[in-house]
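Participant: One structure coming up, written as structure tokens, with questions to follow.
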Amino acid sequence: MTDIGWWGVPLAVLGGAIRVSTPFLLVSLGECITEKSGRINLGLEGILVMGAMSGYAVSYLSGNPWLGVLAAACAGLALGLLHGTLCNLPRVNDIAVGIGIMLFGTGLAFYFGKPYVQPQAPMLPSIPLGAWSDSPQIQAVLQIPPLLVIGVVLAFALDWAFRNTRWGLVVRMVGDSADAARAMGYPVNVVRTLCTGAGGLLAGIGGAFLSLYYPGSWSEGLSSGQGLMAVALVIFARWQPVHCVYAALLFGGAGAVGPALQSVGITSGYYLFSAAPYVLTLGIMIAASSPRRTLAGAPGELSIVR
Amino acid sequence: MADDSRIEGRRRVLRAALATGALATIPGLIPRALAQSKLVIGVIYVGPKDDYGYNQAQAQAAAVIRKMPGVTVIEQEKVAETMDVQKVMASMIEQDGATLIFPTSFGYFDPHVLRVAEKYPKVRFAHCGGLWTKGKHPANTGSYFGYIDECQYLDGVVAGMTSKTKKLGFIAAKPIPQVLRNINAFTMGARSVDPSVTTRLIFTGDWSLPVKEAEAANTLIDQGVDVVTCHVDSPKVIVEAAERRGVYVCGYHASQATLAPKGYLTGAEWNWVTPYTEHVKAAQSGQPMNNFLRGGLKEGFVKTSPYGKSSSEAARKKADAVKGEMTKGGYAIFKGPLKDNTGKTVIATGSAHQQTDPVLEQMNYLVDGVIGKI
Amino acid sequence: MLLFGVFVAAVGKDPLEVYQLIYAGGFGSGFAWQNTLSRAAPLILTALCVALPAQAGTMVIGAEGAVVLGGLAAAVTGYAVGDASPLVVKLAMAAAGMLIGGLWIAAAGALRQYRGVNETISSLLLTYIAIALFNHLVEGPLRDPASLNKPSTPPIGSANMLGALPGLDVHWGLGLGAIFCIATYVLIYHTTWGFAIRVAGGNARAARLVGLSVDRLVIAAFFLGGAAAGLAGMIEVAAVHGSANASLIAGYGYAGILVAFIARHNPLAILPVAVLVGGISASGGMLQRRLDMPDATVLVFQGLAFLTILASEALYGRLKLFGHGARA
């Protein structure tokens, strides 16, 4: 193995971006759909953990990691629909329900996840894009997870769909002005429930990535707040699916800066490095907002921007 | 105000205990201790007890003493180092009749165990990791710990003989003495067989951060590290990441050999059965508790994982030779002249710290050969 | 409740026994009550950090950040003025904790009023930043070299610790929380200022029309909420730990959100709700020790109960018990 020294830092950040960003991307795309329809789901953290657990469990029991992904998606869909349905009731606050879902999802996952901490489940494969290089470091960095590819393709597809399909227009209209949508005869609550369900589905898959690809095992400390972070990430990305890709890569890379610098001997302030993405998001929110108007691109019905 | 209210508080506790007794009339709520005159032992974990690491090592010992005659074990996991643990200890005593408690996390000791121990002078508290001091801490508390740095030193010997790049990686949670001692022992073990070896160090900042641990392992391997070890609560993720990248790994806390059939060299493991059994036996026979219980390989408090198939014959022989010295007794890992990695002399020529020396439990330096700062 | 019974039955335990244990563990004896009340104490204050800004029509979920930084400020102050008389030290600690906690949350309020930054997200981000800052300071510049394996700030000294409430094994945090709740209730419902905050929360435009300075009112409500959470941090330091260390990051801020919502942001209702939530977590231990049920059982129970309460409010109208609509 050749010595790469300081080159290791940018390489590690790139590798970290590729390895760590996928759950951010999937969860934020899910949240993006939900928020476009005018709801916010803070429960994605719980859904993510539930997805991680069910994905791992099914992969272990069936021997097929893709069945695990499917199970995680179903679990996420169910919890998402639960959130959507509860929020349809009058006088129910979507943020409060989100916190309830967060507790319930993590509780269920921890409860049923106990037997699966020990065994090793089959993992998802990766796509080796780095085969052209002799450097084992570059080969390792360019192990592309298939779910990342799916996420990126999905981001572009969603971006196109929001602009060009009837379905996308309906979701946006429901999110921007429920009254207008109702006047046109669209069932606002049904659309929002489905969008929250779709958001849950993607968050569940994001969880399966954590347990079945990277770091690739199930434990109760698996998620360190990726689900909650994704909510901030959507704002960071200004509700644009394609921007979610960049934002997720940025957040993933930022998480790798701390360990990478330490590996070449800079060890002080690692807590501050890990807070960098939050400071960045807050900074962008401050810079991009103004008291006169809400955030550009924000759905008008969203409780957090009203 | 402190004294009066404390006495009053104790009275209230007594009353509360009576009330609990009254509840015993409801079926299903009979405190176990009242129903059967067994020794009730409470074990408290800071994390999930099946974490492939720190808590699991404790839980394995609890499972062994559970089988001892005349013993009932009650367990509670994921108990925070806050008011939570004080109340859990008190509940085990009041509601379950526990008379011996194993609070297994370092952070439980001061102030939580001390405060509860003062309230319940008849109950024994055997705490893991603390530095029990005569005169300062109550006689019904005690601390047990193992000199696992001996195993780390042996890990280092094997790692130093195995590494081709001469770069080792250590992933640690926080810069605290117990962790620094392991990092130093590992590095010194490696440099005892090859002085050109260095250890790269990454702190993750907390005891269980799987994504960051995996990230740390990957970035170390990118830097050319070919043997990785760690001091975090659950090494599972790191061991798996190393195996996937095709480098060698030494385990920690419990054996992770099955997770890395190709790259597992050996590992440093706890053997808590020894101190647990001693405390239980003392409690059963009514002997005073051993307040400061320590031991290494010789005493059976720690053990090494069986060598993995990728460790060479020469490495095994070398490590076994050092292990033989250690089990004979009197072996000092930390002896002068010893310099830290800034060039300062931390142990003068001619002086040596025996393993039992409390100075070692206050370690605040990284030895020469470790790349990193505290 | 019924739903949880079904869940318990589904995993093969006797629901009745589980409920009996939850009752016994949380409320079934004098000891259980003390256990419950001790756990309720920090939740009361962190719930206020959600409830007060909620009166001004906003949604803050960042109490955790104010708790840890308030606790840190209190610990540092307590150490710095440690030689003064204990009463002075305690007051200085409380003032420092409340000031820092208040400013931290008020920052989210100011960002909302002057920059239009959403306070829910900014308070969440501020929490992450607060925890990073806290860890950095406690393990770096502010670390007591004598705190070996648990990095902490220097101890405030046992003379400066808060004791237990007279006749109880529950520390003063409960008393301070109750006082704070009642004071807040009076402030919100029986003073002009409180009325102004509610008007500003109900309709900012109307409030501006009648000449209220909405910005200042909202930021003041945020400050008070943050001060409550900062006080919770101070109490954790002064009554439990004796110094600031990572154990302060115990999730009280998040549990407070739950309490505030169930109490419908009514400061008086927070008291019984916090006791209820404290009781449920106190009983979690009983379930683990007696029935070998995992600790997550309590999480499932809390999540289900919370969702059920939210849903039932919608179905049956506001709960007459707590709703301020009923009182007006």
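The values are calculated or read from the model by the stated rules, or taken from the named source; none is laboratory data. Small disclaimer: the values here were computed from a predicted structure and weren't measured. FYI the Cβ positions are ideal-geometry reconstructions off the backbone, even for glycines, and counts take in every protein chain you see.
Participant: Here is a check on your reading of the model: is C:VAL117 modelled with pLDDT under 90, crowded, with 22+ Cβ neighbours inside 10 Å, away from chain B (no Cβ under 14 Å) and more than 14 Å from the chain's Cα centre (by Cα)?
Facilitator: Values: modelled with pLDDT under 90: yes; crowded, with 22+ Cβ neighbours inside 10 Å: yes; away from chain B (no Cβ under 14 Å): yes; more than 14 Å from the chain's Cα centre (by Cα): yes.
In short, yes.
Participant: Against the definition (buried (at least 24 other Cβ atoms within 10 Å of the Cβ), outside any loop (DSSP other than H, G, I, E, B), within 14 Å of chain A (Cβ to nearest Cβ) and not β-branched (Val, Ile, Thr)), how does B:ALA242 come out, yes or no?
Facilitator: Numbers: buried (at least 24 other Cβ atoms within 10 Å of the Cβ): yes; outside any loop (DSSP other than H, G, I, E, B): yes; within 14 Å of chain A (Cβ to nearest Cβ): yes; not β-branched (Val, Ile, Thr): yes.
Yes; evaluated as a whole, the condition is true for this residue.
A quick yes/no check of all residues on (1) part of a helix (DSSP H, G or I); (2) without any contact (Cβ under 8 Å) to a residue 40 or more places away in the chain; (3) under 30 Å from C:ASN203 (Cα atoms); (4) within 12 Å of another protein chain (Cβ to nearest Cβ):
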{"residue": "C:PHE31", "(1), (2), (3), (4)": "yes, yes, no, yes"}
{"residue": "C:THR36", "(1), (2), (3), (4)": "yes, no, no, yes"}
{"residue": "C:ALA51", "(1), (2), (3), (4)": "yes, no, yes, no"}
{"residue": "C:ALA74", "(1), (2), (3), (4)": "yes, no, no, no"}
{"residue": "C:VAL89", "(1), (2), (3), (4)": "yes, no, no, no"}
{"residue": "C:LEU126", "(1), (2), (3), (4)": "yes, no, yes, yes"}
{"residue": "C:PHE134", "(1), (2), (3), (4)": "yes, no, no, yes"}
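Participant: In region B:269-322, how many residues are closer than 26 Å to B:LYS67 by Cβ, in contact with a helix residue (DSSP H, G or I) (Cβ under 9 Å, 6 or more places away or on another chain) and in a loop (DSSP other than H, G, I, E, B)?
Facilitator: Total satisfying the criteria: 14.
Participant: Here are the criteria: (1) more than 14 Å from every other protein chain (Cβ to nearest Cβ); (2) over 25 Å from C:PHE7 (Cβ atoms). Tell me which single one A:MET123 does not satisfy.
Facilitator: Going through the list (1) more than 14 Å from every other protein chain (Cβ to nearest Cβ); (2) over 25 Å from C:PHE7 (Cβ atoms), A:MET123 breaks only (1).
Participant: Shifting gears a bit: Considering region C:93-114 alone, what residues qualify as being surrounded by fewer than 18 Cβ atoms within 10 Å (Cβ to Cβ) and either of a type in the set (Ser, Thr, Tyr) or touching a Ser or Thr at 6+ places or on another chain (Cβ under 6 Å) (or both)?
Facilitator: Within region C:93-114, just C:TYR114 meets the criteria.
Participant: For A:LEU142, indicate whether it is within 14 Å of another protein chain (Cβ to nearest Cβ) and modelled with pLDDT under 90. Break it down stepwise before answering.
Facilitator: On the way: within 14 Å of another protein chain (Cβ to nearest Cβ): yes; modelled with pLDDT under 90: yes.
Against the criterion (within 14 Å of another protein chain (Cβ to nearest Cβ) and modelled with pLDDT under 90), A:LEU142 qualifies.
Participant: At pLDDT 90 or above and within 14 Å of another protein chain (Cβ to nearest Cβ): which single residue out of B:VAL193, B:VAL211, B:VAL247, B:VAL197 fits that description?
Facilitator: Details: B:VAL193 fails: within 14 Å of another protein chain (Cβ to nearest Cβ); B:VAL211 fails: at pLDDT 90 or above; B:VAL197 fails: within 14 Å of another protein chain (Cβ to nearest Cβ).
None of the other options fit; the residue is B:VAL247.
Participant: Check A:PHE110, A:PHE104 and return the single one that is within 14 Å of chain C (Cβ to nearest Cβ), under 30 Å from C:ALA255 (Cβ atoms) and crowded, with 24+ Cβ neighbours inside 10 Å. Explain how you work it out, then say what you get.
Facilitator: Working: A:PHE110 fails: crowded, with 24+ Cβ neighbours inside 10 Å.
The match here is A:PHE104.
Participant: Something else now. Kindly indicate whether any position in region B:331-344 is in contact (Cβ under 8 Å) with a residue 60 or more places away in the chain, of a type in the set (S, T, N, Q) and not assigned by TED's automatic domain parsing to the domain that holds B:VAL40.
Facilitator: The answer is no; no qualifying residue exists.
Participant: Which members of region C:139-192 meet the condition of being part of a helix (DSSP H, G or I), without any contact (Cβ under 8 Å) to a residue 60 or more places away in the chain and closer than 27 Å to C:ALA47 by Cβ?
Facilitator: Of region C:139-192, the ones part of a helix (DSSP H, G or I) are C:139, C:158-160, C:173-190, C:192.
From what's left, without any contact (Cβ under 8 Å) to a residue 60 or more places away in the chain: C:139, C:175, C:179, C:183, C:186-187, C:190, C:192.
If the condition is that a residue be part of a helix (DSSP H, G or I), without any contact (Cβ under 8 Å) to a residue 60 or more places away in the chain and closer than 27 Å to C:ALA47 by Cβ, then C:GLY175, C:ILE179, C:ALA183, C:VAL186, C:LEU187, C:HIS190, C:THR192 are the ones that fit.
Participant: If B:PRO48 meets every condition in (1) under 24 Å from C:TRP33 (Cβ atoms); (2) at the interface with another protein chain (Cβ under 9 Å from one of its Cβ atoms) apart from one, which number is that one?
Facilitator: (1)
Participant: If you don't mind, there's one more thing I want to ask. Quick one: A:SER289 ticks every box in (1) at the interface with another protein chain (Cβ under 10 Å from one of its Cβ atoms); (2) crowded, with 24+ Cβ neighbours inside 10 Å except a single one, so which number is it?
Facilitator: Among (1) at the interface with another protein chain (Cβ under 10 Å from one of its Cβ atoms); (2) crowded, with 24+ Cβ neighbours inside 10 Å, A:SER289 violates only (2).
Participant: Go over the candidates B:MET89, B:MET68, B:MET83 one by one and state the one that is touching a helix residue (DSSP H, G or I) at 6+ places or on another chain (Cβ under 9 Å), at pLDDT 95 or above and outside the structural domain of B:ASP206 (by TED's automatic domain parsing). Outline the logic, then answer.
Facilitator: Details: B:MET68 fails: at pLDDT 95 or above; B:MET83 fails: at pLDDT 95 or above.
That would be B:MET89, the only listed residue that is touching a helix residue (DSSP H, G or I) at 6+ places or on another chain (Cβ under 9 Å), at pLDDT 95 or above and outside the structural domain of B:ASP206 (by TED's automatic domain parsing).
Participant: Could you check region C:239-321 for helices (runs of 4 or more DSSP H) lying wholly inside it with 3 or more residues that are among the aliphatic types (A, V, I, L, M), touching a Leu at 6+ places or on another chain (Cβ under 9 Å) and surrounded by fewer than 24 Cβ atoms within 10 Å (Cβ to Cβ)?
Facilitator: Values: elements: C:252-262, C:267-291, C:296-316.
Passing ranges, in order: C:267-291, C:296-316.
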